[in-house]
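Chemist: Mind having a look at this structure? Questions to follow.
The values are calculated or read from the model by the stated rules, or taken from the named source; none is laboratory data. Computed from a predicted structure; not experimentally measured. No Cβ is skipped: glycine too gets one built from the backbone with ideal geometry, and neighbour counts run over all protein chains shown.
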Amino acid sequence: MHPIWDIPELLEAICDFLGISDVAAMASVCRTFWWTAMPYVWRNINTFYKLMQLLPEDALSTIHDIAPFTLKRRLNDSDWARFLTHSKYTKKLCVIIADETSEDYLQLLPHLPSTPLLPNLESAELEISRIPESPNLEFMSLFLARTLSEVRIRVMEGYPDSFPALVVQILAKKIKLPPLKSFSIRGSTSSADQMEERLSQLLRSQQGLQAVNIDFGSGSQILEILHSTGQLLHLRHLSLRTIYSYCQFEQAPRLLFQELETLKLEGPPFFIHAVLDCVGSGNMRSVKLL
């Protein structure tokens, strides 16, 4: 065994320099390197596609029909144990909500052990793409670890305007999210259709939020969301952005976020002035206008 494997700092440098597949290949032939490499590989799994490649094969295809026989495959407990040994290192994951991925997610539910799939997951990004009119989001239970503190929703182009609002409604009513510290939603102006009430409901259910980022819709819709949500007593960082060229505001009551430290605004001047008129804090340290 080469003495380099006894120097943790050098092993970390090698892992940073090589790609994940190369690191995994080296770990498979050197047990000493394995102890350093595997946590690195799992920490850098940031999409569900990479995760699926590491799941036990039985979880991906359980039944094969080959006439006149039906072959049923059982889950191998040792495979799951091996998977769960490493999955504790995964802390960030992007989950694509689309027709072609939902089947893969739902296929895992019957085989999910009592232990969470990713027990130490801290951040989940939901990428809303092509979804049916009645999306089945039961698979979200795969990713709702108690350690989850950040949810980011990214709305892609090319779907009916009501879909993002429907997903937010399901997250607010049917899925029990753990207490979050950070919430972010990004999308086009059109994606804000029917969103005000549903997003406000989701934010109201998360009173421990410390950071909120809203980047979609018109300025008046964003203000409506803030006022419908009411006070978030622990909010420290607020970022609001709109590219909509015209907004009409009514005189709104002032919102005092007592712990607010930073406020970032991007949009037309009248949107920025309207927000500054109604949002304030005695602890404000930074205001950034773009």
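Chemist: Does segment 187-197 hold any residues that are modelled with pLDDT of 75 or more and surrounded by fewer than 17 Cβ atoms within 10 Å (Cβ to Cβ), and which are they?
Modeler: Correct list: GLU197 only.
Here is a yes/no grid of residues against (1) surrounded by 18 or more Cβ atoms within 10 Å (Cβ to Cβ); (2) at pLDDT below 80; (3) touching a helix residue (DSSP H, G or I) at 6+ places or on another chain (Cβ under 6 Å); (4) in the same structural domain as PRO178 (by TED's automatic domain parsing):
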position: PRO68; (1), (2), (3), (4): no, yes, no, no
position: HIS86; (1), (2), (3), (4): no, no, yes, no
position: TYR89; (1), (2), (3), (4): no, no, yes, no
position: ILE96; (1), (2), (3), (4): yes, yes, no, no
position: LEU106; (1), (2), (3), (4): no, yes, yes, no
position: LEU112; (1), (2), (3), (4): no, yes, no, no
position: PRO119; (1), (2), (3), (4): no, no, no, no
position: ILE128; (1), (2), (3), (4): yes, yes, yes, no
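Listed here are the residues, each with its yes/no results for (1) in the same structural domain as HIS86 (by TED's automatic domain parsing); (2) modelled with pLDDT under 85.
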site: PRO132; (1), (2): yes, yes
site: GLU138; (1), (2): yes, yes
site: LEU144; (1), (2): yes, yes
site: ILE153; (1), (2): no, no
site: PRO164; (1), (2): no, yes
site: GLN210; (1), (2): no, no
